[in-house]
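Each remark here refers to the structure printed beneath this line.
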Amino acid sequence: MKGVILAGGTGSRLYPLTKAVNKHLLPVGTKPMVCHGIEKFREAGIADVLLVSSRHHLGDMVRLLEDGSEFGIRLSYRAQEEAGGIAQALALAESFAAGGPIAVLLGDNIFADGLSRYAERFLRQGARGAKVLLKEVPDPHRYGVAELSGPFILSIEEKPAKPKSAYAVTGIYFYDHQVFDLIRTIRPSPRGELEITDVNNAYIERGQLTYDILEGWWTDAGTHESLALANDLVRGMETRRSARGTSGKLAAVR
């Protein structure tokens, strides 16, 4: 399995912090935000990783991360020429995936769980298809919300007034090779972007979208409030690691 980190977007909700800096380069704990996703992949044994970012900020990513060897991975890059949506950015990973399964992270997702067990469960799926990770939240109307039936998702509704569950769809996905063909079938949303929810709903129509529920904490870091929360959560985790004497095992960014 290969990994894809989507680290583009305008970061408008974090303005003015993002006026000159890609939001994924903002600090979360003691390292840039994007490094957390890289470490999650490395810890899960996913060594080949593609990072997709906007052409305006890709050079900054390369200067920070180089070839990925400092993190114990092999890192490739692709530039998203315009802000055309998450699904459009993911489409750039088709040649990188080379027909195999991929794990996909939105770069502003910060979470405690490791990815290994979820990746293994996905690879054991009979028809494979896709898997998304969910998290129970107190305010599901702010998110894409999954309607569940056994191991499958029946529907995903974006920011519903009356949520059908308390489970938000996080930015952590697993896809088989079909994902790129499905992206080619969807049309831009009213905001002019190719939406990842439409891709997931296409898997739902095939009865091929399963889910797992994150056990530990999760947040995105796309607003001032959630960025502050992510820093608090990560600093707490880093403090506990340091107390156990394990913090030195994490790669440091020059």
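What follows is calculated from the coordinates using simple rules that are stated; it is not laboratory data. A quick note: this is a predicted structure, and the numbers were derived from the prediction, not measured. Reconstructed Cβ throughout: ideal geometry from the backbone, glycine too, with neighbour counts over all protein chains shown.
Assorted remarks:
- Antiparallel beta bridges, as assigned by DSSP with both residues in the chain, represent about 50 percent of the total such bridges.
- 29 Å tail of the calculated P(r), segment 2-249, as % of Cα pairs: 25 percent
- Anchor Lys159: lysines whose Cα lies under 19 Å away (excluding residues fewer than 8 positions away in-chain): Lys135
- The GluC sites (Glu not before Pro) of segment 49-99 that meet both conditions, a loop assignment by DSSP and at most 13 other Cβ atoms within 10 Å of the site Cβ, are Glu66, Glu81, Glu82.
- When Asp232, Asp220 are sorted by how many other C-beta atoms sit within 10 angstrom of their C-beta, beginning with the fewest, the order is Asp232, Asp220.
- Prolate/oblate/rounded label for segment 123-172 (Cα gyration tensor, a/c 1.5): prolate
- Looking at segment 164-252, the GluC sites (Glu not before Pro) that sit in a DSSP loop and have at most 13 other Cβ atoms within 10 Å of their own Cβ are Glu215.
- Fewest neighbouring Cβ atoms within 10 Å first, the residues Lys164, Lys31, Lys40 line up as Lys164, Lys31, Lys40.
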